[in-house]
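Below you'll find the structure, written out as structure tokens, and then a few comments.
The values are calculated or read from the model by the stated rules, or taken from the named source; none is laboratory data. Everything quoted here is computed from the prediction, not taken from an experiment. Cβ placement follows ideal geometry from the backbone for every residue including glycine, while neighbour counts extend to all protein chains displayed.
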Amino acid sequence: MSGAGDAGRVYLVGAGPGDARLMTARSLELIARADVILYDRLIPDGALDGAREDAELIDVGKVGGGEQVAQEATNALLLEHARAGREVVRLKGGDPFVFGRGGEEAQLLRDAGIAIEVVPGVTAGVAAPAYAGIPVTQRGMSAAVAFVTGQTQPGTGAASSSKADPGKPESQIDWQALAVFPGTLVFYMGVRQLARIAGQLEAAGRPRREPAAIIERGTFADQRTVRAPLDEIAAAAVRADIRPPAVLVVGPVASLHDELSWFSAGPLAGQAVAVTRARAQASPLAARLRELGARVIEAPAIRIEALDAELPDLAGFDLLAVTSPNGAERLLELCRDARDLAGPAIVAIGPGTAAVLRAGGVEPDVVPERAVAESLVEALAQRPVRRALIARAETARDVLVDALRERGAEVEILALYRTVADPLDDRAREAALAADYLTFTSASSVRFFLQSAGSAAGPRIVSIGPITSAALREQGLEPHVEASEHTPDGLIAALLDDAASTVKPLG
């Protein structure tokens, strides 16, 4: 982290085309150490998961035809934070120097005497066709490729048949040159101009029946591809309701989609799923949902705070009960190794907690199938317990504690963490409430989400288990789906079953 008196530095970083797994190692390294991250809206889902908790994250994204953040405002923020001695990541979808205005920002920073580093990213013009089975170059078909912006002024350019508007800048696109270009044409940001682009190319002499393809949300799990000849591609895109972001490919290689297509949408393609659990916990769940095709909205309503704690001498205990995955993780952090937990019988509240313990080299002696305290009480009914240690959250249900004490056992509580509210910003709240599914993995996530969002109306509500469902009902909400196995995997399985029975396939 840079100090206030040090010279700042700006990293112009490409985040790749959409799939977070295509981000470079260097981009992830810089995100993890940045003081400030200025990011666009087309960065991959989860791209900021590795940012420091104290990093300042600023959305400076632009949406074509909609709300805009002025480039001048972004420039001012870059200069402000760099001059304050901070390490700044300017995170852009794709590659910063391919239609990303990265070159302009680099010039601005250099003119201001600010050090820069450029980190290339995989650009959508190569990645989206590749995911659609379209190589942009192919021996015998295309020896060259041209990348072209689709955001051009109507009525301008070499092939225009109308007089240019004197109030608009002359187009930089030479349509006649593109019409005779001996290779593949890839247009970015051209969905709204698709009919005009095709018309300009045809008017300039490009073959009207030349293969073309438009690829929506390239490399995302819900990617779609539409193939048609150049003179039909605009109408085909309208029929399929293709929307930005998308790239248009024109050239013989577009026909290879029919032969080489390898990418298929997952069972949750086209579905938006909001995840409300703590950010650190959400990442594995979110990653799995993305693999299944979902568009994941991370709306963490809670945050886990570790408490100062020491592992007591376990020699006098005959039972150690661990009542959550968070408790298991924190308990293992207190141990030098698994031998520190030798002695008492170890019980885990359910499969998720047991999995965390096993990952740390600890095999629990008792694991009920249902991850609720009542099931743990039943599982321990025939086991003698004289003295028990309960490893849990600072605030939790006392079902197990009360049951053991009623049996005459001495019970001590080891509070390892607390759950606190993590307020949602307006965008996260609105996106979560507009999702197809809203998932809850704990009673605290229910309580704190509703405190922040004020409602959960709209999406289908998915609960991880009966305790979470009870918390929803206390708030006047009936879950549409409840997992039979009270783990993240069980929640996903329940969501998949529901989606298969209620959601129409992606068109």
First in region 454-474 and outside the structural domain of Ile492 (by TED's automatic domain parsing) and on the phi < 0 side of the Ramachandran plot, second anywhere and in a helix (DSSP H, G or I) and of a type in the set (Ser, Thr, Tyr), Cβ under 8 Å, 6 or more apart: none
The lone exception for Val462 - which of (1) surrounded by fewer than 20 Cβ atoms within 10 Å (Cβ to Cβ); (2) touching a Phe, Trp or Tyr at 6+ places or on another chain (Cβ under 6 Å) it fails: (1)
Hits in region 7-30 (condition: over 17 Å from the mean Cα position of the chain (by Cα), of a type in the set (D, E, K, R) and not in a strand (DSSP E or B)): Arg26, Glu29
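Is it true that Leu376 is assigned to a helix (DSSP H, G or I), out of contact with any Gly (no Cβ under 6 Å at 6 or more places or on another chain) and at pLDDT 90 or above?
On the way: assigned to a helix (DSSP H, G or I): yes; out of contact with any Gly (no Cβ under 6 Å at 6 or more places or on another chain): yes; at pLDDT 90 or above: no.
Spelling it out, it is not the case that Leu376 is assigned to a helix (DSSP H, G or I), out of contact with any Gly (no Cβ under 6 Å at 6 or more places or on another chain) and at pLDDT 90 or above.
Can we say Glu363 is assigned to a loop (DSSP other than H, G, I, E, B), of a type in the set (Asp, Glu) and modelled with pLDDT of 90 or more? Break it down stepwise before answering.
Details: assigned to a loop (DSSP other than H, G, I, E, B): yes; of a type in the set (Asp, Glu): yes; modelled with pLDDT of 90 or more: yes.
Criteria met by Glu363.
Given the options Ser445, Ser484, name the one that is assigned by TED's automatic domain parsing to the domain that holds Ala294, exposed (fewer than 14 other Cβ atoms within 10 Å of the Cβ) and of a type in the set (Gly, Ala, Ser). Give the derivation first.
On the way: Ser445 fails: exposed (fewer than 14 other Cβ atoms within 10 Å of the Cβ).
Unique residue meeting the criteria: Ser484.
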Single match in Ala203, Ala179, Ala246 (criterion: aliphatic (A, V, I, L, M) and surrounded by 20 or more Cβ atoms within 10 Å (Cβ to Cβ)): Ala246
Within region 61-161, helices (runs of 4 or more DSSP H) holding 1 or more residues that are modelled with pLDDT of 95 or more, surrounded by fewer than 14 Cβ atoms within 10 Å (Cβ to Cβ) and touching a helix residue (DSSP H, G or I) at 6+ places or on another chain (Cβ under 9 Å): 102-111
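Is it fair to say Ser324 is hydroxyl-bearing (Ser, Thr, Tyr) and either without any contact (Cβ under 8 Å) to a residue 60 or more places away in the chain or assigned by TED's automatic domain parsing to the domain that holds Glu53 (or both)?
Numbers: hydroxyl-bearing (Ser, Thr, Tyr): yes; either without any contact (Cβ under 8 Å) to a residue 60 or more places away in the chain or assigned by TED's automatic domain parsing to the domain that holds Glu53 (or both): no.
No; evaluated as a whole, the condition is false for this residue.
This table checks each residue for (1) buried (at least 20 other Cβ atoms within 10 Å of the Cβ); (2) more than 23 Å from Gly465 (Cβ to Cβ); (3) in contact with a helix residue (DSSP H, G or I) (Cβ under 7 Å, 6 or more places away or on another chain); (4) among the charged types (D, E, K, R).
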site	(1), (2), (3), (4)
Ala299	yes, no, yes, no
Ala315	no, yes, no, no
Pro325	yes, no, yes, no
Leu331	yes, no, no, no
Arg336	no, yes, no, yes
Gly352	yes, no, yes, no
Val366	no, no, yes, no
Arg370	no, no, no, yes
Residue match in region 390-404 (condition: within 19 Å of Arg279 (Cα to Cα) and not basic (Lys, Arg)): yes
Neighbours by Cβ (under 9 Å, 6+ apart or cross-chain): first from region 355-369, of a type in the set (Asp, Glu); second surrounded by fewer than 16 Cβ atoms within 10 Å (Cβ to Cβ) and not in a loop (DSSP other than H, G, I, E, B): Glu363/Ala338
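Give the number of residues within region 172-187 that are outside any strand (DSSP E or B) and in contact with a strand residue (DSSP E or B) (Cβ under 7 Å, 6 or more places away or on another chain). Outline the logic, then answer.
Start the filter on region 172-187 by keeping residues that are outside any strand (DSSP E or B), which leaves 172-183.
Filter once more, keeping what is in contact with a strand residue (DSSP E or B) (Cβ under 7 Å, 6 or more places away or on another chain): 173, 178, 181, 183.
So the answer is 4.
Got at least one residue in region 31-39 being outside any strand (DSSP E or B) and within 21 Å of Ala428 (Cα to Cα)?
Initial filter on region 31-39 (outside any strand (DSSP E or B)): 31-35.
Checking which are within 21 Å of Ala428 (Cα to Cα) leaves us with 31.
The answer is yes, given that some residue of region 31-39 is outside any strand (DSSP E or B) and within 21 Å of Ala428 (Cα to Cα).
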Hits in region 380-430 (condition: among the hydrophobic types (A, V, I, L, M, F, W, C), assigned to a strand (DSSP E or B) and surrounded by 14 or more Cβ atoms within 10 Å (Cβ to Cβ)): Ala388, Leu389, Ile390, Ala391, Ala393, Val411, Ile413, Leu414, Ala415, Leu416, Ala421
